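Reading through the C-alpha cells given below for one structure.
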Amino acid sequence: MANNDKNVLRTIKEYVLITLGIIIYTSGWTIFLTPNNMFGGGVSGISAIIQFATGIKMGYTYFVINALLLLISLFIIGPSFGVKTIYAIFLASFCLNIEQTIIPEPFIQDFALSNGKLLCSIIGGSMAGLGIGMSISQGGSSGGTDIIALIVTKYRNISPGKVILLIDVFIIASSLLVPSYTPEGKLLPFVDKFITAVYGMIVVTVCGNMADLYLAGSKQSVQLFILSHHYEEIADMISRDFHRGVTVLDGKGWYTKQEASVLMVITRKTDVNLLLRSIKRIDSEAFLSISSVAGVYGKGFDSIKDKKS
C-alpha cells in the first residue's frame, strides 16, 4: 500500500509540474510574443504564422499539427510518454486560445508591449524554454519540436535544446515567405518581417538554452564520500529511503593509522539536502565530501544511447 501511495503522489507531482510548465509556456507566447507579431519556432511558431496570416487562433492549428506528430511518437517513445503529452497538448491548445481572450489588452500593453520587442523576446523565450524544460523533465512535452527532440535524444546523446534550436531556425527563416497581418489587419512589410524574424532567432536561442539549463539542473548528479563509524546504518538508510546504490570502500586514516570504511554514493543534486539531514541524524560527526560529476550512466540515471538507425 505504501508503494502505491508513493506512485500516486509521484504521478500527481508530475502532472502538477507539467501543468505549471504548460501555463508558463503559453503565457510567454500570449503576453510577450504574439502581441508583437513574433513568429518564434516550433509548432507554436507555425501556429503563430498561420494566425497572423489567416486569423485562425493558435490553439486550433497547434492541436492539429501536434496530433499528427503525437501519432508518430507513440510508436517510437511509448504510451507512457504519449499519455502525458496528450494531456499537455490539450492543455496548451486550450490555454493558447483562452489566454488571448481573458488576458486584458491594457495588461499586455503595460507589461509587455511598452517594454519593447527585445525585452519581450528575451522574457517570452525564457518563459517558453522554462515551460518546455519543466514538461520534458516530468516525461511529457508541450508538443511540436519537443516531440522531435525527444525522439532524436532517445537514440543520440544530443541535448534537446540544440535539436529544438536547429528546427526552429528553419521555421523562422521560412516565415519570411508567408504574409503577416497585425491584429488591426495591417499587412507587415518585408522589412518589418525580417526584423521580426531576427527577434524570433533571439526567442528560439533563449528558449533552447533555458530548456537545457532547466534540464541540466534537474538531472545534475553529485558524488558523495562518507566516512563514519556508523557506516552500516547510513548505507542501509540510503538504500532503503533513497533507493540509491552504495559502495563500501576500504580505507586507512594516515594520521591515525586506523582502518576505516568509506561509503561512495552517487545521487541527484536535488536529493542532497535531504540526504545530508538524514546522515546527520544518524551520525552528526560524519565526515563528508561532495563533488559534481559530469555524467552518470546506468540504472537509475541516464542510459548510454547506441547509434541505431
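The values are calculated or read from the model by the stated rules, or taken from the named source; none is laboratory data. Computed from a predicted model, the values in this text were never measured in an experiment. With ideal geometry, Cβ positions are generated from the backbone for all residues, glycine too; neighbour counts draw on all protein chains shown. Accessible surface areas use protein heavy atoms only, side chains included; no ligands, DNA or RNA. Shrake-Rupley method; radii C 1.70, N 1.55, O 1.52, S 1.80 Å.
Among the residues of the range 243-265, those identified as of a type in the set (S, T, Y) and either open to solvent by less than 90 Å² (accessible area, probe 1.4 Å) or within 15 Å of S221 (Cβ to Cβ) (or both) are T247, T256, S261.
Residues to consider are R277, R281, R268, R240; find the one that is basic (K, R) and open to solvent by less than 100 Å² (accessible area, probe 1.4 Å).
Exactly one residue qualifies, and that residue is R268.
Of everything in the range 1-57 that is of a type in the set (D, E, K, R) and either within 20 Å of the chain's Cα centre (by Cα) or under 18 Å from C95 (Cα atoms) (or both), the residue that is modelled with the lowest pLDDT is R10.
Cβ-Cβ distances below 7 Å connect the following pairs, each with a first residue in the range 39-56 that is closer than 17 Å to L188 by Cβ, a second residue that is at pLDDT below 90 and aromatic (F, W, Y), and a separation of six or more residues or different chains: G45/F39; A48/F39; I49/F39; F52/Y181; A53/Y181. Note on the range 47-140: enclosed helices (runs of 4 or more DSSP H) holding 3 or more residues that are open to solvent by 10 Å² or more (accessible area, probe 1.4 Å) and over 30 Å from T11 (Cβ atoms) are 105-111, 117-137.
Within the range 145-156, does at least one residue satisfy the condition of being among the basic types (K, R), over 24 Å from A88 (Cα atoms), surrounded by 20 or more Cβ atoms within 10 Å (Cβ to Cβ) and touching a residue at least 40 places away in the same chain (Cβ under 8 Å)? Looking for residues that are among the basic types (K, R), over 24 Å from A88 (Cα atoms), surrounded by 20 or more Cβ atoms within 10 Å (Cβ to Cβ) and touching a residue at least 40 places away in the same chain (Cβ under 8 Å), one finds none in the range 145-156, hence no.
Looking at the range 176-186, can you tell me whether even one residue there is open to solvent by 60 Å² or more (accessible area, probe 1.4 Å), among the basic types (K, R) and not in a strand (DSSP E or B)? Yes; the residues of the range 176-186 include at least one that is open to solvent by 60 Å² or more (accessible area, probe 1.4 Å), among the basic types (K, R) and not in a strand (DSSP E or B). Are any of the residues in the range 289-309 loosely packed, with under 15 Cβ neighbours inside 10 Å, at pLDDT below 80, among the charged types (D, E, K, R) and in contact with a Ser or Thr (Cβ under 8 Å, 6 or more places away or on another chain)? Within the range 289-309, one or more residues are loosely packed, with under 15 Cβ neighbours inside 10 Å, at pLDDT below 80, among the charged types (D, E, K, R) and in contact with a Ser or Thr (Cβ under 8 Å, 6 or more places away or on another chain).
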